[in-house]
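The values are calculated or read from the model by the stated rules, or taken from the named source; none is laboratory data. In this text the structure is predicted, and so the values were computed from the model without any measurement. Don't worry about glycine lacking a Cβ; one is built from the backbone with ideal geometry, like all the others, and counts go over all protein chains shown.
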Amino acid sequence: MGKTPHLVVFTGSGISAESGIKTFRASDGLWDEHPVEDVATPGAWRRDPERVLDFYNARREQIRRAKPNAAHKALAGLEKAGFQVSVITQNIDDLHERAGSRQVLHLHGEILKARSSVDIRMQYRLAKGGIELGDLCDKGSQLRPDVVWFGESVPLFADACDLVGEADFLLVVGTSLAVMPAASLLNHVAYDTPCVVIDPNATELSPASVLAINDTAGKGVPALVKHWKQQGALLLP
Ligand code: APR
């Protein structure tokens, strides 16, 4: 028997939009209400750590209340049906995991973890509550959210490139592909690997896209997953 074909799914905030979590670059998006330079850069953290913590504490509570939607569930269901599925997400929420996906790489970190501000390896799961000024790591430095801010390196980028390079099929869902280096991941897909983009604003010009499906994640992903389950293979629709 040959090896099970490997589906790699690259997701952005659009996949969580139907769970009630705002995307970033829409006209009423998160970065419109909260300027990046005030809440999501190392400079913001130096200038006003309390504001940064407040922003992520509020987002964390919102994410805890949110539930996985039909798109997260369909991807988890595909894995359960025996397909090999790896998810690379730019999202800091845990909706893929709560839907049941077991292979999830968080390129931009996880809001449900805190980490030391002096040692990136010192991470702590936040089972409840948030991070307050004065909460310290075991080395005595202030805890911060375990998220990647603008201007910081992306520690899991090389791992994500390797995964994309191994993909037999690449599915991209709900991302504007506006942020580097995340967007450049698509340059690591093999030239003959089929690629589908599901996004209401997808275009045939989306980098590396073979097929752009202009649909929401909640409709487009379950439909594609149903097709794959019926075919018993990762075929283009
Ligand atoms: N289903 C699918 N896609 C959707 C939906 C939906 N229901 N609603 C919106 N979208 C799409 C939009 O068309 C857009 O292409 O989601 C995308 C959201 O794009 P951005 O707001 O730019 O978010 P994203 O691509 O996830 O941003 C990447 O930017 O600021 C950083 O770290 C942050 O991880 C984030 C990164």
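Name the residues in region 4-18 that are surrounded by fewer than 21 Cβ atoms within 10 Å (Cβ to Cβ) and part of a loop (DSSP other than H, G, I, E, B), would you?
Residues of region 4-18 that are surrounded by fewer than 21 Cβ atoms within 10 Å (Cβ to Cβ), as a first pass: 4-6, 17-18.
The answer is Thr4, Pro5, Glu18.
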Self-check item: Breaking point among (1) hydrophobic (A, V, I, L, M, F, W, C); (2) at pLDDT 95 or above; (3) not assigned by TED's automatic domain parsing to the domain that holds Leu234, for Ala127
Solution: (2)
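Determine which member of the set Leu133, Leu95 is under 23 Å from Ala40 (Cα atoms) and either free of Cβ contacts under 8 Å to residues at least 40 places away in the same chain or not assigned by TED's automatic domain parsing to the domain that holds Gln230 (or both).
Leu133
Going through region 21-46 one residue at a time, which ones are basic (Lys, Arg), in contact with a Phe, Trp or Tyr (Cβ under 8 Å, 6 or more places away or on another chain) and modelled with pLDDT of 90 or more? Can you show your working first?
To start, the set of residues in region 21-46 that are basic (Lys, Arg) comprises 22, 25, 46.
From what's left, in contact with a Phe, Trp or Tyr (Cβ under 8 Å, 6 or more places away or on another chain): 25.
Correct list: empty.
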Exercise. Consider only pairs whose beta carbons are under 8 Å apart and that are at least six residues apart or on different chains; among these, list those whose first residue lies in region 212-234 and is assigned by TED's automatic domain parsing to the domain that holds Thr4 and whose second residue is of a type in the set (Lys, Arg) and buried (at least 20 other Cβ atoms within 10 Å of the Cβ).
Key: Pro222/Lys73
Quiz item: Among the strands (runs of 3 or more DSSP E) confined wholly to region 146-237, which include 2 or more residues that are within 12 Å of the ligand (Cβ to nearest atom), more than 18 Å from the chain's Cα centre (by Cα) and over 22 Å from Leu30 (Cβ atoms)?
Solution: 211-213
Exercise. Output the number of the condition that His96 fails; it satisfies all remaining conditions of (1) within 29 Å of Ala183 (Cβ to Cβ); (2) in a strand (DSSP E or B); (3) of a type outside the set (A, V, I, L, M, F, W, C).
Key: (2)
Quiz item: Counting only residues that are surrounded by 12 or more Cβ atoms within 10 Å (Cβ to Cβ), part of a loop (DSSP other than H, G, I, E, B) and of a type outside the set (Gly, Ala, Ser), how many does region 119-145 have?
Solution: 8
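Kindly indicate the residue of region 66-91 that is in a strand (DSSP E or B) and within 13 Å of the ligand (Cβ to nearest atom) and also surrounded by the most Cβ atoms within 10 Å (Cβ to Cβ) among those meeting that condition.
Taking region 66-91 first, the residues in a strand (DSSP E or B) are 84-89.
Next, only the ones that are within 13 Å of the ligand (Cβ to nearest atom) stay: 88-89.
Values: Ile88: 25, Thr89: 30.
Across region 66-91, the extreme among qualifying residues is Thr89.
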Quiz prompt | Unmet criterion (only one of (1) farther than 28 Å from Gly82 by Cα; (2) within 14 Å of the ligand (Cβ to nearest atom)) for Arg115 | solution = (2)
